[in-house]
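The values are calculated or read from the model by the stated rules, or taken from the named source; none is laboratory data. Predicted, not measured: the structure shown is a model, and the values here were computed from it. Virtual Cβ from ideal backbone geometry, glycine too; neighbours counted across all protein chains shown.
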Amino acid sequence: MFIDPQNNIKQFNLSHGMKVADIGAGSGFNSFAAAKEVGELGVVYAIDIQNDLLSKIKNESRKNNIFNIEIIWGDAEKENGTRLGNESVDAAIVSNLFFQVENKKSFLKEVFRIIKSRGRLLFIEWSGSFGGIGPSEESIVLEETAKKLLEEAGFLVEKKISAGEYHYGFILRKNQ
């Protein structure tokens, strides 16, 4: 496996009862790991633009009796595209997604909008193409570029995390 969702979520230090948005949830690996951490009083909003992936998360949740994941079809590149209210989540996860985002500033504005004041963001991204294992070379978002865009969007880097051999990661705080 190229990335270890359990390890990354453990480093994020989620608490029981938190509300967390997994933006670009994909197959739900981070959603499932976060759901375990926030417990039955918490909720994880698995947000994606691909209905087939959301269906997979929904089916896997039912199969494993996980009831604290809510499925949301949404496009986080658009204003209010996550379909969540202003400052409605304690934390958000953006993992293996940023290289695909066309309008990065708009996307980060939407992420910023939904996180509560002083809330946190777990940001993980590919650090290279690795001979075609990762995204195409031209799609890679360098660590310094991502950090600059995140800071311009109003996030402060709290710490860099170990996100695996092929990724870099940050835990950031909403600066407000």
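When each of E158, E125, E138 is tested for being at pLDDT 95 or above and farther than 17 Å from P5 by Cα, the lone residue that passes is E158. Of all the listed residues (G24, G17, G28), the sole one being surrounded by fewer than 15 Cβ atoms within 10 Å (Cβ to Cβ) and modelled with pLDDT of 95 or more is G17. Scanning the stretch 157-168 for residues that are over 18 Å from F112 (Cβ atoms) and part of a strand (DSSP E or B) yields K159, K160, I161, H167, Y168. Out of curiosity, is A92 assigned to a strand (DSSP E or B) and of a type outside the set (D, E)? Criteria met by A92. Take the conditions (1) in a helix (DSSP H, G or I); (2) over 23 Å from G164 (Cα atoms); (3) touching a residue at least 24 places away in the same chain (Cβ under 8 Å); (4) among the polar types (S, T, N, Q); Q6 misses just one of them, which is (2). Just a yes or no: is a residue in the stretch 42-55 within 20 Å of I3 (Cα to Cα), surrounded by 15 or more Cβ atoms within 10 Å (Cβ to Cβ) and either touching a residue at least 60 places away in the same chain (Cβ under 8 Å) or of a type in the set (G, A, S) (or both)? Within the stretch 42-55, one or more residues are within 20 Å of I3 (Cα to Cα), surrounded by 15 or more Cβ atoms within 10 Å (Cβ to Cβ) and either touching a residue at least 60 places away in the same chain (Cβ under 8 Å) or of a type in the set (G, A, S) (or both). Scoring V111 on the criteria (1) surrounded by fewer than 18 Cβ atoms within 10 Å (Cβ to Cβ); (2) in contact (Cβ under 8 Å) with a residue 60 or more places away in the chain; (3) assigned to a helix (DSSP H, G or I) leaves a single failure, condition (1).
I'd like the full set of residues that are in a loop (DSSP other than H, G, I, E, B) and at negative phi, limited to the stretch 9-50. Can you show your working first?
Residues of the stretch 9-50 in a loop (DSSP other than H, G, I, E, B): 13-18, 24-28, 39-42, 49-50.
Correct list: L14, S15, H16, M18, A25, S27, E40, L41, G42, I49, Q50.
Within the stretch 114-129, restricting attention to residues that are touching a residue at least 40 places away in the same chain (Cβ under 8 Å) and of a type in the set (S, T, N, Q), the residue that is surrounded by the fewest Cβ atoms within 10 Å (Cβ to Cβ) is S117. Criterion applied to G42, G26 was being in contact with a Gly (Cβ under 7 Å, 6 or more places away or on another chain) and of a type in the set (G, A, S), and the one residue passing it is G42.
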